[in-house]
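Single-structure report; data block below.
The values are calculated or read from the model by the stated rules, or taken from the named source; none is laboratory data. The structure presented is a predicted model; accordingly, all values stated were derived computationally and were not measured. Virtual Cβ from ideal backbone geometry, glycine too; neighbours counted across all protein chains shown. The accessibility values were calculated without ligands, DNA or RNA, using every heavy atom of the protein model including side chains. Shrake-Rupley method; radii C 1.70, N 1.55, O 1.52, S 1.80 Å.
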Amino acid sequence: MRSPRTFLNLTSHTWFWNLIRNDFQTGSINLEGCKRLLDKLKIKFRDDHLRHIYKKTTDKQPGEIITMEDFRAIYRALVHRPEFEELFKAYSTDGNILPDGQLLKFLAKEQFQTEANEITALEIIMKYEPVDEVREKRQLTFEGFIRYLNSDDCSIFKSQNRRVYQDMTQPLCDYFISSSHNTYLTGDQLVGASDLWGYTRALLKGCRCLEIDCWDGNNNEPIVYHGRTLTSRIPFRSVVHVIDKYAFKASDYPLVLSLENHCSPKQQEVMASCLKIILGDKLLSAPLGGEVEMAHLPSPEALKNKVLVKNKKVGTLEQSMLRMEEDYTGEAVEVSDSETDSEDEDMEDMPPSRSRSSAKRKADHRSSPSPQKKPKVRRRKIALALSDLVVYTKSQKFVSFEYSQQHQQCYENNSIKESHARRLAKVSAKQFVSHTTRFITRIYPRGARASSSNYNPQEFWNLGCQMVALNFQTPGTHMELQDGKFQDNGGCGYVLKPAFLRDPNTTFTPRNVGAHSRPMSLSIRLISGYQLPPSPMSKTNKADPTVQIEIFGVPEDQTRKRSSVVKSNALCPKWNETFCFNIQVPELAMIRFCVEDEVSLVNKDFLGQYTLPVTCLSTGYRNIPLISKEGTLLECASLFAHVWYY
């Protein structure tokens, strides 16, 4: 039984009754009316959970009328969580009110906000306390405390990391860059649809490197699709219009267009014209300040609101500058594949349906009477009009780390297939890391991923690879890592690499972190869940939730731990379990909270997840929002945990 004073604090404040009285006087309140009242009180709820509480609390059907007392009981069952009340009472002077001084103690002792002061406490009170007279006295009721704990101010993601806070004046190669592969696809890469929405979606998520596969189309209009497959086609011109509209909606920092260019010189000139006319001043077509000699790439800050073209380039920047005043329509230069990089440069990287079977290749090899001939060197013509739009992102075929160190310019970028990159990492990790301190390195999925599945991006971030390109249309753990990583630094699409991945003389490798280890001891007490999505297997609002906490990072840090299962409770499961992690390289580590319904001992259904960099963790009592499999926020669902580390 609650004491009368506590009861007064919980639900009988004037503000509460004033908000709902008129609704009960002017109409009959049933389940639908109850929903309207909760919306008025700014209380988020899942419809299935509310229906369950409505029936359990009032013992009435959705269409039946309820009283004010019924609604108060529904409100309390939905909003007043015991774990919150326990915290409130620990610092309240009388169980009803939390004065600003006590709130300050809570912030310092429980939230580890040692810099908090009276102004901090007052700002919280003014923002979250609903009762005017209490707010004027610089106090919090339990209602205000609930609103504070459920707010973004108590999110597990550090509030200061929600804005651009990193140094943005370093060379481009010093940043992880949010990158998309086959951006135009909304499904698989054999028969999936190509759609402009792919570019809109990626740009609104802060993606800063888009891929455009360009092929000759009818009427001298280039088209975009996954070549030599049954994927649908969209006009290149339309793609550029979408990019022009959305390029800098989510981020002001430079956008790279990675062209997979298969067009004839004539249609390459159309591409160049589209880019120049549609993008206008956004398009970077000459070096900043006319500088053609450079030791380092410019910074994201210097390239703000600029679109960069990543493509093959003929000659040097200086030669491009000298041609600026010339009319070279129709001019093209032939280059060999040894001078370029291309995602389809060998049969292994084509979709499986287009490649010859291994058995056929073996048969051909056995029947060949003569020694193997040297492979033919394919040659392609590059239109000067398109070539000259390439400034700081020239596509350069990767030969070897030694070759790059001796011959590659800072503005030349490499694209390396995931399987090749994995082999390089295994035998030459130190050189690989050193390479990425100097040159932008893009990793892309192998062609055998016909379903547009994704590889684990973490293994390539560990090496310092800047553009780790994923299929944004494909949900799953790997895309969740991508989304989580690029929440950091204000979601601007650029995250500054750790110092040991920016130093050309670094000794760091993922499997031998050496002196670069800065161990973190992390403790997470998983307290409870709230309004979790019910199991898709259940006809009620039930689930048997369990939480897996997983660390992604260098091999030494990879680990996962799982909570117990709470039976038949998706509304408010309680765990109160503590998990400890020792993380050697927190600068690269990601943490993922995944909530699942244990259907059986061997079968678990995904309910929601949240992934973020370990360096973005807030300490203290924190709410953990949950995201659906499709990548959308589950507005009502969350976990509640206490986080501590040193």
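Can you give the Rg to Rh ratio for segment 69-116, taking only C-alpha atoms and Rh from Kirkwood? Write out the running numbers ahead of the final one.
Values: Rg = 13.5 Å, Rh = 12.1 Å.
Result for segment 69-116 is an Rg/Rh of 1.12.
Enter the accessible area of residue 581 (Å², nearest 10), with the probe set to 1.4 Å and all protein chains included.
Probe radius 1.4 Å; accessible area of residue 581 about 10 Å².
Taking only protein heavy atoms and a 1.4 Å probe, what accessible area per residue, in Å², does segment 189-320 have with all protein chains in place?
Working: 5130 Å² over 132 residues.
In whole numbers, segment 189-320 has 39 Å² accessible per residue.
Report in % the part of the accessible area of the chain that belongs to carbon and sulfur, leaving out ligands and nucleic acids; probe 1.4 Å. Let's see the in-between values first.
On the way: 13990 of 28240 Å².
Answer for the chain: carbon and sulfur cover 50 percent of the accessible area.
Assuming a viscosity of 1.567 mPa s and a temperature of 4 °C, what translational diffusion coefficient in µm² per second does Stokes-Einstein assign to the chain, Rh being the Kirkwood radius over Cα pairs? Intermediate values should be presented prior to the final figure.
Details: Rh = 27.7 Å.
Calculated translational D: 47 µm²/s.
Report the FRET efficiency, 1/(1 + (r/R0)^6), for residue 122 and residue 567, where r is their Cβ-Cβ distance and R0 is 35 Å, rounded to 0.05.
That gives a FRET efficiency of 0.20.
Can you give me the convex hull volume of the Cα atoms of segment 247-303, divided per residue and expressed in Å³? All intermediate terms of the calculation are to be shown ahead of the outcome.
Working: hull volume 7.1 nm³, N = 57.
Spread over its residues, the Cα hull of segment 247-303 gives 125 Å³ apiece.
Check cross-link reach from residue 561 to the aspartates and glutamates: straight Cα distance under 19 Å, and skip same-chain residues fewer than eight apart.
Straight-line reach from residue 561, under 19 Å: 480, 544, 550, 577, 596, 597, 598, 605.
Taking the alpha-carbon centroid of each part, what is the distance from segment 210-268 to segment 158-208 in angstrom?
Value for the Cα centre distance between the two parts: 16 Å.
What is the sum of charges, Lys and Arg at +1 and Asp and Glu at -1, for the other residues whose Cβ falls under 15 Å from the Cβ of residue 67?
Residues close to residue 67 contribute a combined charge of -1.
Using the alpha carbon gyration tensor of segment 157-218, what are the three equivalent-ellipsoid semi-axes (square root of 5 times each eigenvalue), largest first, in whole Å? Write down the numbers at each step before the final one.
Working: eigenvalues 188, 45, 16 Å².
Whole-Å semi-axes of the equivalent ellipsoid: 31, 15, 9.
Skip the ligands, DNA and RNA, and give the accessible area per residue of segment 429-508 with a 1.4 Å probe, whole Å². Provide the component values of the computation, followed by the final result.
Working: 1890 Å² over 80 residues.
The answer is 24 Å² per residue.
For the charge dipole of segment 16-121, defined by +1 on Lys and Arg C-beta atoms and -1 on Asp and Glu C-beta atoms about the Cα centroid, which residue among 50, 106, 62 has the Cα displaced farthest towards the positive pole?
So the residue we want is 62.
Using Cα pairs closer than 8 Å and at least 6 residues apart in sequence, work out the relative contact order for the chain, in percent.
Values: 1274 pairs, mean separation 84.1, N = 646.
For the chain, the relative contact order is 13 percent.
Net charge near residue 40, counting Lys/Arg +1 and Asp/Glu -1 over other residues with Cβ under 15 Å of its Cβ?
Values: positive: 21, 35, 36, 42, 44, 72, 147; negative: 23, 32, 39, 143.
With Lys, Arg at +1 and Asp, Glu at -1, the net is +3.
As a test question: what accessible area, to the nearest 10 Å², does residue 320 have when a 1.4 Å probe is rolled over all protein chains in place?
Rounded to the nearest 10, that gives 10 Å².
Over the Cα atoms of segment 34-166, what radius of gyration and what Dmax do you get, in Å?
17.3, 56
How large is the translational diffusion coefficient of segment 462-504 in µm² per second when you combine the Kirkwood radius over alpha carbon pairs with Stokes-Einstein at 10 °C and 1.306 mPa s? Could the numbers behind the result be given before it?
Values: Rh = 11.7 Å.
Translational diffusion coefficient: 136 µm²/s.
What lysines does residue 56 reach when the alpha-carbon gap must be under 21 Å and sequence neighbours fewer than 8 apart in one chain are set aside?
Residue 56 reaches 35, 44, 539, 542, 567, 574.
Would you tally the net charge around residue 605, using a Cβ to Cβ cut-off of less than 9 Å, leaving residue 605 out, and scoring K and R as +1, D and E as -1? Mind dumping the intermediate values first?
Working: positive: 604; negative: 596, 597, 598.
My count for the surroundings of residue 605 gives -2.
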